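The values are calculated or read from the model by the stated rules, or taken from the named source; none is laboratory data. Fair warning: this is a prediction, and the values are worked out from it, not measured in the lab. Please note: Cβ atoms are built from the backbone with ideal geometry, for glycine as well, and neighbour counts cover all protein chains shown. In case anyone asks, the SASA skips ligands and DNA or RNA and just uses the protein heavy atoms, side chains included. Shrake-Rupley method; radii C 1.70, N 1.55, O 1.52, S 1.80 Å.
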Amino acid sequence: MSKRGVYGWVVAILCFIILMLVTPSIPQSEEYHNFADQRDLFFGIPNTLNVVSNFPFLVIGVIGLILCNYRNYFQLRLPGEVWGWNCFFVGVVAVAFGSGYYHLKPDDDRLVWDRLPMTIAFTSIVAIFILERIDERKGTFSIIPLLLAGAISIAYWRFFDDLRPYAVVQFVPCIAIPIMAILLPPMYTHSMYWLWAAGFYLLAKVEEAEDKPIYKWTHHIVSGHTLKHLCAAMVPVFLTLMLAKRSIETERFSSHFFSLYAMNEFARRLLCAPISHSSIYYLFSCFITQVTSG
């Protein structure tokens, strides 16, 4: 690993240590396990809809694994890509079993097996993004450290009843990936699918937070947590579609130089130009250019 890479890891670790020192611990609330929909609807399955709504993860995860490995359908060119996407789809398949197992009888012990597969998927996605947007070698070498960081965050929560490391693993990608998507040039086409996936993940988190109100609004037909599972399953769906459709981005570097020019012009106008309707329109158009250039 280069000195620059080492410095990056050192800075990240120092930031994490400072965060742990200046913030209070976050214990797991027992109320978390009290989901709105606790009906046994058929086949004697407890919490039926929260259990069976994990089935889409199994379907899309298996499809993704098959297409990753059968005659290289996704045309993955690099070893790091193969490892990263395989880890991601393994995590997706494991979510189906882990989350289903947890929702049969929700408690902290079973919650470990719900969250561990999700960390595998989260950290794999971060490694893939590093590989595609920053550096192929760094992305490949980051897969194992990121997977270990995810597993350690789960172990830390379980042994010390503190969710802070897990929160970092879950939410840092939500910040880092959009920033990388805007500022760094894509290796492949059809990058818009990343934004669709991010949108459905955000919707899933809203539905999770509004579990009980949604259950009430739907007149006890479906809960927010069940809808959360279905929306979250759309994330691997969109990423699978992206893998199937994408090709090498031939204008990667030229578009990158244009992006740098647009960003410089953005900053210059923001600092120097008087505020007007035309300047506001120009700044907005520059921002849209960064988002949609992939």
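Table for the structure above
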| quantity | calculated |
| --- | --- |
| Debye log10 I(q)/I(0) at q = 0.16, 0.23, 0.24, 0.29 Å⁻¹ for the range 90-132, Cα point scatterers | -0.42, -0.67, -0.71, -0.88 |
| Charge context of PHE74, other residues only, Cβ under 12 angstrom, K/R +1, D/E -1 | +3 |
| Pairwise FRET efficiency - PHE97 versus ILE18, Cβ, R0 = 45 Å, nearest 0.05 | 0.75 |
| Ordering of 89-100, 18-29 by packing [mean C-beta count within 10 Å, highest first] | 89-100, 18-29 |
| Under-5 Å amide H pairs with TYR188, H placed in peptide plane, nonlocal only | GLU249 |
| Segment LYS205-ILE221, length gained on full extension (0.36 nm per residue, minus Cα span) | 3.8 nm |
| Calculated FRET value between VAL62 and ILE26, using beta carbons and R₀ = 30 Å, to 0.05 | 0.30 |
| Charge sum, other residues only, whose C-beta stays under 14 Å from ASP37's C-beta, Lys/Arg counted +1 and Asp/Glu -1 | -1 |
| Accessible area per residue in Å² at 1.4 Å probe, computed on the range 1-145 | 55 Å² |
| Spread of Cα-to-Cα distances over 10 Å intervals beginning at zero, given as percent, for the range 1-158 | 10, 30, 31, 22, 7, 1 |
| Sum of side-chain charges, ARG158 neighbourhood, beta-carbon under 9 Å (Lys, Arg +1; Asp, Glu -1) | -3 |
| Potential lengthening between ASP107 and ILE182 on full extension [0.36 nm per residue; Cα-Cα distance subtracted] | 23.1 nm |
| Inter-label distance, nm, simple model (7 Å from Cα along the C-beta direction), LEU195/VAL168 | 3.1 nm |
| Loop-resident sites, the range 1-49, for chymotrypsin sites (Phe, Trp or Tyr not before Pro), counting at most 14 other Cβ within 10 Å (DSSP) | PHE42, PHE43 |
| Spin-label model distance (nm) - PHE43 vs ASN72, 7 Å beyond Cα toward Cβ | 3.9 nm |
